[in-house]
Every structure is written in structure tokens, then in C-alpha cells.
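Novice: Below is a structure I'd like to ask you about.
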Amino acid sequence: MLRNLTFILKSSMRNRRRSVLTITSIAVSLCLLGVLMAMYRALFFGGPETPAQAVRMITHHKVGLADVMPMSYENKIRRVPGVKEVMLWQWFGGSYKDARDRRNFFARFAVEPDRFFTIYSDVAMPADQKAAFLQERTGCIVNAGLARKFGWKLGDRITLVGDIFPVTLEFKLVGIYTDPENHEALFFNKEYLRESLGADSPMRDVASMFEVRARNIADVPRVAASIDQMFDNSPAPTRTESERNFELSFVAFLGNLKLFLLAICGAVTFTILLVSANTLSMSVRERLREVGILKTLGFTQDAIVGLILGEAGVLALAGGTVGIALAALLCGGIRNGVSGIQNLRALAMTPGLALTALGIALFIGLVSSLIPALGASRTTILDSLRYSG
Amino acid sequence: MSDVVIETRKLTKEFVRDEFHVIALKDADLEVRRGDFVALMGPSGSGKSTLLHLIAAMDRPSSGEIRVLGQDLRALNDRAIAHWRNVHIGFIFQSFNLIPVLNAIENVELPLKLTHLKAKERMEHAETALTLVGLGDRLHHYPRQLSGGQEQRVAIARALVTDPDLILADEPTGNLDAGSAQEVLTMLSRLNKEFGKTVVMVTHDPHAASFAARVLHLEKGLLLPEGQSAEWSASQPAAS
Ligand SMILES: Nc1ncnc2c1ncn2[C@@H]1O[C@H](COP(=O)(O)OP(=O)(O)OP(=O)(O)O)[C@@H](O)[C@H]1O
Ligand SMILES: [Mg+2]
């Protein structure tokens with residue numbers, strides 16, 4: 001096969017206009033397919049899992065996020081072998097300014113400032129701001145993107161009106177951090193929430209989520225299992241999952257979209273399969289005479305099939321490569337253009353996706369040329385030679 | 001291997017297509033010896049090409065026996081026949097049949113791709129063959145950049161590059177002007193005399209046939225006994 005490469009390459013560019021059209025049609029379809037696959041991946045598998053994220057887990061009530069666990073779980077979890085640190089990770093919710101304006105929505109969590117940076121080892125913030133976050137009970141920190149969006153500066157006052165928690169909290173912005181995933185979020189000291197709730201509030205000593213950090217990635221499954229096992233027979237059994245999995249469970253409701261995306265991907269693949277089958281069978285017919293010549297020289301049917309498939313493969317891979325490059329550009333554009341859908345920020349043409357798309361392109365090329373290739377290879381020498389195409 | 005290179009007995013080829021039924025070759029008995037240069041002549045439709053195709057194993061006989069280079073061709077399957085043809089046969093067409101996207105040396109190299117030769121050796125062999133046919137200075141020309149005569153010489157180089165025992169040519173000068181035809185015939189003659197190749201050539205042209213040592217005539221699918229020909233033919237039994 002390799003020794004026929006020059007021949008294959010030259011053959012594939014024989015009719016330049018048609019080859020360019022074939023490559024273009026495959027490229028355009030693969031670009032579309034690539035973007036759709038990247039969207040599918042970004043929405044349902046999230047962005048790439050960073051090493052720092054890979055060691056993080058979320059522990060919550062087995063039944064769901066509305067059920068709570070006793071705060072005492074935190075220390076028990078900390079003693080599980082393989083756990084490096086654990087911290088309360090309490091969704092606060094509430095509203096900022098006019099909640100009807102969707103732009104005013106962002107994530108808000110009560111956390112433990114002294115443990116925060118051990119858990120989020122990939123979050124960066126100047127040392128003096130870290131110190132301020134530790135010291136100031138009403139201090140809060142926000143992601144740099146969020147600060148930019150609202151024009152917040154250090155020292156600004158931010159007020160959140162609670163909904164789950166019946167309190168109104170006023171924070172002082174003491175830190176602006178950067179995180180690799182650029183999640184729009186605000187974190188504040190859990191003690192401030194506890195105090196505001198009052199001594200007899202039933203919400204004071206319960207937790208809806210803990211963020212757990214394992215010592216190393218290999219420990220993660222075992223640690224998660226140990227934690228859940230420990231509370232299995234208690235009144236509040238837990239479910240511990242990787243942070244990545246946890247994030248993704250939020251898009252589970254997009255199930256219809258999932259099917260929709262898959263359907264479009266399938267339709268695009270099928271269409272391009274038909275189009276290229278048509279083009280390739282035409283180009284094979286035109287060269288039936290050459291097939292006769294090659295056979296006269298001693299090429300076997302298999303060798304002929306190999307040559308034709310090889311040629312289709314070259315066209316498909318060329319189209320695929322161009323399409324994937326375009327898709328990568330488009331993904332970049334979309335990623336920087338949208339801010340509303342958090343998950344689409346992970347939109348990217350990863351090497352894995354690119355390879356998959358290239359594989360699909362190759363598959364399309366091979367499948368669509370297989371029937372013409374078999375047909376041509378089975379035509380008798382004399383019939384092929386008589387063909388004047 | 002015996003001295004007999006081609007041996008056929010009652011070789012018959014019928015074409016059956018839908019309603020009609022043509023006997024292209026009937027009970028042909030042919031014997032060609034090593035080193036022979038045979039011209040096959042006869043009117044259009046007399047079965048010359050059919051006989052040549054059967055000898056090249058490009059088609060299978062309807063009945064009768066055919067041994068070429070000691071091999072019973074009916075005993076080989078398609079794959080074995082392809083390989084056999086690659087090794088033993090050099091075929092030259094009337095219409096050259098070069099691959100247009102390949103240049104001269106690549107066209108000549110093509111049959112060597114089926115051998116175990118390395119790329120460098122293949123190129124060397126191809127260059128030698130092209131030099132032999134006088135095209136050492138046209139190695140990288142594409143078919144469309146060559147004259148008909150040059151194209152046919154490239155085709156001859158392609159036919160001889162594998163060093164086959166048998167060279168079969170179907171009206172090799174049919175598409176050429178007199179001068180080019182003369183070159184091609186001289187070349188076939190050289191291959192026969194200097195390199196000892198056995199050559200079977202189909203031709204309409206008595207002048208071309210005059211290069212051959214033996215001239216055989218076909219008439220309506222019948223191979224006439226040697227020396228015998230239909231009245232139309234200005235046959236010359238042998239070149240002097
Ligand atoms: N594939 C085929 N199907 C049907 N009939 C065929 C086929 N090939 C050849 N024939 C018939 O067989 C007969 C002999 O054909 P062949 O090509 O051998 O003649 P030829 O002597 O080479 O003629 P020419 O000088 O025109 O090339 C002709 O009548 C032809 O029509
Ligand atoms: Mg003929």
C-alpha cells in the first residue's frame with residue numbers, strides 16, 4: 001500500500017476541480033460535525049479535567065442536594081485515609097440586585113477560608129488578599145471575570161438577599177482570584193452565615209455539600225467509596241462523586257438536546273456519505289479503463305480495491321483535516337463569544353475529538369468508495385479496457 | 001522448460017451476450033517457440049485480439065487447451081494469473097494505455113511495484129528500460145507531453161521492465177505515423193534478436209508483419225495453417 005502512495009496521491013488530484021469540490025464538501029460537513037461533537041462534549045462531558053480538579057470530590061446527601069448532612073461529617077471525612085482536606089461547600093443561592101435580570105446570576109458559596117486554597121490549589125490570588133479573606137469575617141472573594149463584569153473593585157460592598165437561608169448578607173470584596181475554568185462565583189466565610197442565622201436556627205449545623213480533596217488522583221475512587229461506606233447505615237447516607245461528575249449532573253436535564261445533537265451529527269455523517277459515494281463512484285467509473293491497464297500489468301483485484309480506497313481515504317483525510325481545523329477556529333470563536341452558558345466555555349477541538357472526527361472522515365471515504373471499488377475491481381480486464389471514459 | 005513457449009490445442013472462445021452468440025476463435029492450434037517473432041494478421045473481427053488476450057491470460061478460453069511457458073493457464077485462479085502475467089508477460093496496446101497522471105518513469109515503474117524490489121532499484125530498472133527505448137532524456141515527461149511514438153516507446157519500456165519471457169503487442173503501430181511505427185518495429189525486432197524475447201504481434205500492416213519471422217493468418221475465427229492466407233493479404237512469409 002505504502003509503495004503505491006505516490007500513485008494514490010497523484011490519482012486523487014487527477015481531476016483537480018472535482019477533488020477540490022469533494023474535499024470542500026467533506027471539509028464543510030466535518031467542520032459542522034466537529035463543532036457539534038465539541039458542543040456535545042462541552043455540554044455533557046465538560047472541559048478537560050485539570051489535575052487539580054481530578055483530586056476533588058463532592059460529598060452530598062444520597063437522596064439529593066435538598067437533603068442535608070450533619071456538620072459533624074466534616075471531621076469524620078477528614079479522618080478517611082487518602083483525604084488531604086475537606087471543607088464545607090454550602091450553596092447559598094439568594095439574589096443580587098434584581099434577580100429577574102439573568103445577568104445578575106452567579107454562583108455563591110459559603111466556604112472555610114483557611115481550607116479554601118488547599119482544596120482549590122489551582123485558584124490563584126495575591127497573598128495579602130488571602131490574608132484579608134482569612135481575617136475579615138464579612139469578606140468575600142470573586143472570580144476575576146465576574147469582577148470585570150460588574151466592575152467590582154477591592155473594598156466594594158456586595159449585598160445578597162437570601163432565599164434558602166432567611167438572611168441578608170452584606171460583604172466586603174477582599175479578594176479577586178483567577179481560576180483555570182473561569183467559573184463565575186463568589187465565596188464567603190461560612191462563619192458569617194452561621195452567625196447571621198442565629199443560635200437556634202436548624203440550618204446552622206447542617207451541610208448540603210462538602211468539597212473533599214484526595215491526596216492523589218489514584219486515591220479518588222477508593223476515598224469516595226470509603227466516605228459513602230462510612231455513612232451508609234446512618235440517617236443521612238452520602239454520595240461522593242468527582243467534582244467533574246457533579247458538575248455534569250447539572251446538564252442532565254439537557255437530555256433532549258443530547259438526542260438532538262446526536263441526530264444532527266448522524267444526519268450530517270449520512271449526508272456526506274451519500275454525497276461522497278456519488279462523487280467517488282463517478283470518478284471510479286471514469287477510470288475503469290485504467291483499472292484494466294493495471295490488471296494487465298498484474299495488479300490483483302485486492303490491489304485495485306486498495307488503490308481506490310486509498311485514494312478516497314486521501315481525499316477524505318484532506319477534507320477532514322481542513323474541516324477539523326475550521327471547527328477548531330469556530331470553537332475558539334464561540335468559546336470567546338458566549339458567556340451565558342458556562343459549559344460552552346469548555347468548547348474546544350481536543351486531540352481526542354479531532355482524531356474521532358478524522359476517523360469519521362476516513363470511515364466516510366472508505367465506506368463510500370467500497371462499492372465502486374469492488375465493482376471496478378470485478379469488471380473483467382477486457383470490459384474495463386473497452387471502457388472509454 | 002521446453003522450447004515451446006505457447007502451445008494451444010482446439011482453443012475456442014465464444015462470446016455469449018444476451019441474444020447473440022459469437023465464436024471469436026475456433027479450434028486454434030498454435031505453437032510458438034522460444035525466440036520466435038510471430039505476426040498475427042487477418043481482417044477486422046477475425047479473432048486476432050481474442051487469441052492474444054487468451055495467450056496473455058487476460059481472458060479465459062471457452063474450451064480447448066492452452067499452455068504458455070509450460071503453464072496450463074486454466075489451472076490458475078485469478079490471483080495467480082495476475083501474478084503470472086506480471087512476471088511473464090509484457091503487453092503492448094495499440095492505444096499505448098499509459099496512466100496520464102504518472103510521468104514516464106513512474107509509468108514504467110508501475111509493474112515493478114508488484115515485485116519485491118526496493119524503490120531505488122525500481123527507479124533504476126525503469127530508467128534503464130526507458131534508456132533502452134531511447135527515452136533516457138524524457139524520464140519525467142507526462143504522457144500528454146510526449147508524441148504518440150514516444151508514448152508507445154514508454155509503453156514498450158513498461159512491457160519489458162520486468163524482463164518478461166513473452167512480449168505481446170496488439171497492433172502496436174496502429175496509431176502511429178510511418179516514422180514512429182518504424183522505430184517501434186525496430187525496437188520490437190531488437191528485443192527479439194538481441195534480448196531473445198519471444199514476440200507475438202497482431203497487425204494489419206504487411207510492412208509491420210515483415211519484421212516478424214513467422215506470419216500467421218486468422219480468418220473468421222479460424223487460424224489458418226502456416227503459409228496460407230486469405231487472398232486479400234499481401235503476405236510475406238518472412239523477413240529476410
Ligand atoms: N467481449 C466481447 N463480447 C462479444 N463479442 C466480442 C467480444 N470481444 C470480441 N468479440 C467479437 O469476437 C470477434 C473477434 O474479435 P477480435 O477483437 O478478436 O477481432 P480482431 O481480429 O482483433 O479485430 P480488429 O482487427 O478489429 O481488432 C468479433 O466478431 C468481435 O465482435
Ligand atoms: Mg483487435
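Novice: Kindly report the accessible area of chain B per residue (heavy atoms of protein chains, probe 1.4 Å, no ligands, DNA or RNA), in Å². Don't skip to the answer; put the middle values down first.
Specialist: Details: 10650 Å² over 240 residues.
I get 44 Å² per residue for chain B.
Novice: Follow-up. Angle check, please: helix A:220-230 long axis (alpha carbons) against the longest principal axis of chain A (alpha carbons), in degrees 0 to 90, nearest 10.
Specialist: For A:220-230 against chain A, the angle is about 40 degrees.
Novice: If you take the square roots of the eigenvalues of the alpha-carbon gyration tensor of region B:116-191 and sort them as a ≥ b ≥ c, do you get rounded (a/c under 1.5), prolate (a/b over b/c) or oblate?
Specialist: oblate
Novice: Could you tell me how many degrees, from 0 to 90 and to the nearest 10, lie between the Cα long axis of helix A:301-337 and the main elongation axis, the longest principal axis, of the Cα atoms of chain A?
Specialist: Tilt of helix A:301-337: around 30 degrees.
Novice: Still on this structure, please answer the following. Where the centroid of each part is defined by its Cα atoms, how far is region B:1-38 from region A:140-195 in Å?
Specialist: 96
Novice: Between A:Leu30, A:Trp91, A:Asn75, whose Cα lies farthest towards the positive end of the dipole of region A:15-165 when Lys and Arg beta carbons carry +1 and Asp and Glu beta carbons carry -1, centred on the Cα centre?
Specialist: Final value for the positive-end residue is A:Leu30.
Novice: Within region A:51-252, what percent of beta bridges assigned by DSSP are antiparallel, to the nearest 5?
Specialist: Taking every DSSP beta bridge within region A:51-252, about 75 percent pair in antiparallel fashion.
Novice: Using helices alone, what [θ] at 222 nm do you get for the protein assembly as shown, with -39,500 (n - 2.57) per DSSP H run of 4 or more residues, divided over all residues and rounded to the nearest 500?
Specialist: Theoretical 222 nm ellipticity from helices: -14000 deg cm²/dmol.
Novice: To the nearest 20 Debye, how big is the dipole of chain B about its Cα centre, given +1 on the beta carbon of each Lys and Arg and -1 on that of each Asp and Glu? Let's see the in-between values first.
Specialist: Details: 26 positive and 31 negative charges, 92 e Å.
Dipole magnitude for chain B comes out near 440 debye.
Novice: Rounded, prolate or oblate: pick one for chain A, where a ≥ b ≥ c are the square roots of the eigenvalues of its C-alpha gyration tensor, a/c under 1.5 means rounded, and failing that, prolate if a/b is larger than b/c, else oblate.
Specialist: Details: a/c = 3.54, a/b = 2.72, b/c = 1.30.
Judged from the Cα gyration tensor, chain A comes out prolate (a/c at least 1.5, a/b above b/c).
Novice: Only bridges whose two residues both fall in chain B count here: according to DSSP, what percent of them are antiparallel, nearest 5?
Specialist: 50
Novice: Related question: By a straight-distance test (C-alpha under 16 Å), which lysines pair with A:Lys149 as possible cross-link partners, with residues fewer than eight away in the same chain excluded?
Specialist: Answer for A:Lys149, where 16 Å is the Cα cut-off: A:Lys97, listed by chain and number.
Novice: May I ask for the accessible area buried between chains A and B, both sides summed, probe 1.4 Å, to the nearest 100 Å²?
Specialist: So the buried area, both faces added, is about 2300 Å².
Novice: Considering only protein heavy atoms and a 1.4 Å probe, what is the carbon-and-sulfur percentage of the accessible area of region A:192-339?
Specialist: Summing carbon and sulfur atoms, their accessible area is 63 percent of the total for region A:192-339.
Novice: In whole Å, how far is the Cα centre of region A:291-325 from that of region B:167-235?
Specialist: Region A:291-325 and region B:167-235 have Cα centres spaced 38 Å from each other.
Novice: Any idea what the dipole of region A:1-92 comes to, in debye rounded to 20, about its Cα centre with Lys/Arg Cβ at +1 and Asp/Glu Cβ at -1? Don't jump to the answer; show the numbers that get you there.
Specialist: Working: 13 positive and 4 negative charges, 167 e Å.
Computed about the Cα centre, the dipole is about 800 debye.
Novice: Among A:Ile58, A:Leu309, A:Leu347, which residue has its Cα positioned farthest towards the positive end of the charge dipole of chain A, with +1 placed on the Cβ of Lys and Arg, -1 on the Cβ of Asp and Glu, and the dipole taken about the Cα centre?
Specialist: Towards the positive end, the residue furthest out is A:Leu309.
Novice: Next question, about the same structure. Within chain A, what percent of beta bridges assigned by DSSP are antiparallel, to the nearest 5?
Specialist: Among the beta bridges of chain A, antiparallel pairing accounts for roughly 75 percent.
Novice: Rounded to the nearest 0.05, what FRET efficiency do A:Arg285 and A:Asp200 give with R0 = 56 Å and r taken as the Cβ-Cβ distance? Could you check?
Specialist: Efficiency computed from Cβ-Cβ geometry: 0.05.
Novice: Could you order peptides A:63-70, B:88-95, A:107-114, B:17-24 by the average number of other Cβ atoms within 10 Å of their residues, highest first?
Specialist: Ranking, from highest mean packing down: B:88-95, A:107-114, A:63-70, B:17-24.
Novice: Mind checking the dipole of chain A: about its Cα centre, +1 per Lys or Arg Cβ, -1 per Asp or Glu Cβ, Debye to the nearest 20?
Specialist: 1620
Novice: Can you give the accessible area per residue of region A:253-389, in Å², using a 1.4 Å probe? Each step should come with its number before you reach the end.
Specialist: On the way: 6240 Å² over 137 residues.
Value for region A:253-389: 46 Å² per residue.
Novice: Counting partner chain Cβ atoms within 10 Å of every residue's Cβ in B:53-61, what's the average?
Specialist: Going residue by residue through B:53-61 and averaging, the value is 2.
Novice: So, one more: Could you work out how far apart the two model spin labels at A:Asp232 and B:Leu222 are, taking each label as a point 7 Å from the Cα in the direction of the beta carbon, and quote it in nm?
Specialist: About 9.9 nm, to one decimal.
Novice: Using a 7 Å offset from Cα along Cα-Cβ at B:Phe20, what residues in region B:32-73 end up with backbone N under 16 Å from the label point?
Specialist: B:44-47
Novice: Select from A:Pro113, B:Ile167, A:Phe363 the residue farthest towards the positive end of the dipole of the protein assembly as shown; place +1 on Cβ of Lys and Arg, -1 on Cβ of Asp and Glu, and compute about the Cα centre.
Specialist: With unit charges placed on the Cβ atoms, the residue in question is A:Pro113.
Novice: Can you work out the FRET efficiency for the pair A:Ala218 and A:Ser249, with r the C-beta to C-beta distance and R0 = 25 Å, to the nearest 0.05?
Specialist: E between A:Ala218 and A:Ser249, to the nearest 0.05, is 0.60.
Novice: Keeping all protein chains in place, calculate the accessible area per residue for region A:51-252 (probe 1.4 angstrom), answer in Å².
Specialist: With all protein chains present, region A:51-252 gives 46 Å² per residue.
Novice: So, in nm, how far is label B:Lys193 from label A:Asp156 when the simple model puts each one 7 Å beyond its Cα toward the Cβ?
Specialist: 10.1
Novice: Something else now. List the residues, sorted by chain then number, that are 5 or more residues from B:Gln94 or on another chain and whose placed amide H is less than 5 Å from its amide H.
Specialist: B:Asp170
Novice: Hey, in the GNM for chain A with a 10 angstrom Cα cutoff, which one of A:Met87, A:Met209, A:Met13 fluctuates hardest?
Specialist: A:Met13
Novice: Suppose we compare each residue of region A:1-50 in its chain alone and in the full protein complex with a 1.4 Å probe; which ones drop by at least 50 Å² of accessible area?
Specialist: A:Arg3, A:Phe7, A:Lys10
Novice: When a/c reaches 1.5 or more, the comparison of a/b and b/c decides; with that in mind, is region B:1-120 rounded, prolate or oblate per its Cα gyration tensor?
Specialist: Prolate shape, in that a/c is at least 1.5 and a/b is the bigger ratio.
Novice: Shifting gears a bit: Relative to the longest principal Cα axis of chain A, at what angle does helix A:16-45 sit, 0 to 90 degrees, rounded to 10?
Specialist: So the inclination is approximately 20 degrees.
Novice: Here is a further query. Using the alpha-carbon centroid of each, what span in Å lies between region A:1-63 and region B:70-133?
Specialist: A separation of 40 Å, based on Cα centres.
Novice: Another question about this same structure. Please arrange B:Asp36, B:Asp163 by accessible surface area, largest first, computed with a 1.4 Å probe and ligands excluded.
Specialist: B:Asp163, B:Asp36
Novice: Continuing with this model, one more query. When the accessible area of chain B is split by element with a 1.4 Å probe, what percent falls to carbon and sulfur?
Specialist: The nonpolar share, carbon plus sulfur, comes to 50 percent.
Novice: Another one. So if we plug the beta-carbon distance of A:Asp67 and A:Ala225 into 1/(1 + (r/R0)^6) with R0 = 25 Å, what FRET efficiency do we get, rounded to 0.05?
Specialist: 0.75
The values are calculated or read from the model by the stated rules, or taken from the named source; none is laboratory data. As the structure is a prediction and not an experimental result, all values here were calculated from the model. Reconstructed Cβ throughout: ideal geometry from the backbone, glycine too, with neighbour counts over all protein chains shown. Ligands, DNA and RNA are stripped out before the accessible areas are found, and what is left, the full protein with its side chains, is counted by its heavy atoms. Shrake-Rupley method; radii C 1.70, N 1.55, O 1.52, S 1.80 Å.
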